[in-house]
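> The structure under discussion is supplied below as structure tokens; questions concerning it will follow.
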Amino acid sequence: MKREYPSCPIPAVSAVIFSGDNVLLVRRAHAPSQGRWSLPGGVVELGEPRHEALIREVFEEVGIEIAVKGLVGVFDRIVRDYQGRVRYHYVILDYWAEHIRGTARAGSDAQEVRWVSLDELQALHVGAETVAVIERTWTMRAHNVVEAPLDPVISQG
């Protein structure tokens, strides 16, 4: 499926990954968010359960292993061109995850990776939606609340 000017929304996953009091950010290497700080993640492949896609994407993008704790939220990332046509449309599932092992490094989809404190988010000009997801996850983590635990994979057919 082509990502630019797709025929339907593209499912994607991202992770709010904590190590101690720090969260992992990536500076995007490609459109639609090239040069911006965001959460690591990527597209779910056909036949791939979303939590497996998250673990794979995080490893490919930043080289670390994670423990997925639960779903934080779902949102649309829709980018239109100057004519109003949909240039990109991702349906992104954001998950809370904890760093297990490995040293974060930039993979092919990232220009740079960085562990940051919540206080540093504003200085990096992290988008408001991303900050809101990180803060929501921080609250869930502080209270050990998993609002939407991972459900078992159910095969149909």
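> Find out how many positive minus negative residues lie around residue 109, taking Lys and Arg as positive, Asp and Glu as negative, among other residues whose Cβ is under 14 Å from that of residue 109.
Working: positive: 3, 27, 28, 36, 56, 105; negative: 57, 60, 61, 112.
Summing Lys/Arg as +1 and Asp/Glu as -1 gives +2.
> If you don't mind, there's one more thing I want to ask. Between the range 1-39 and the range 47-81, how far is it from one alpha carbon centroid to the other, in angstrom?
What the calculation gives is 8 Å, centre to centre.
> Grab the other residues whose beta carbon is less than 12 angstrom from that of residue 5, score K and R as +1, D and E as -1, and report the net.
Numbers: positive: 2, 3, 80, 85, 87; negative: 4, 81.
Charge balance in the 12 Å sphere: +3.
> Of 139, 90, 13, which is farthest along the charge dipole of the chain in the positive direction, counting Lys and Arg as +1 and Asp and Glu as -1 at C-beta?
90
> Which chymotrypsin sites (Phe, Trp or Tyr not before Pro) does the range 1-89 hold that lie in a coil by DSSP with at most 14 other beta carbons within 10 Å? Walk me through the numbers on the way to the answer.
Details: sites: 18, 37, 59, 75, 82, 88; in loops: 82.
Those satisfying the criteria are 82.
> Based on the Cβ-Cβ distance from residue 109 to residue 144, what FRET efficiency comes out when R0 is 25 Å, to the nearest 0.05? Walk me through the numbers on the way to the answer.
Values: r = 31 Å, r/R0 = 1.24.
It comes out at approximately 0.20.
Just so you know, all these numbers are worked out from the coordinates, no wet-lab data involved. This structure is a prediction, so every number in the text was calculated from the model and none was measured. Note: ideal-geometry Cβ built from the backbone for every residue, glycine included; neighbour counts use all protein chains shown.
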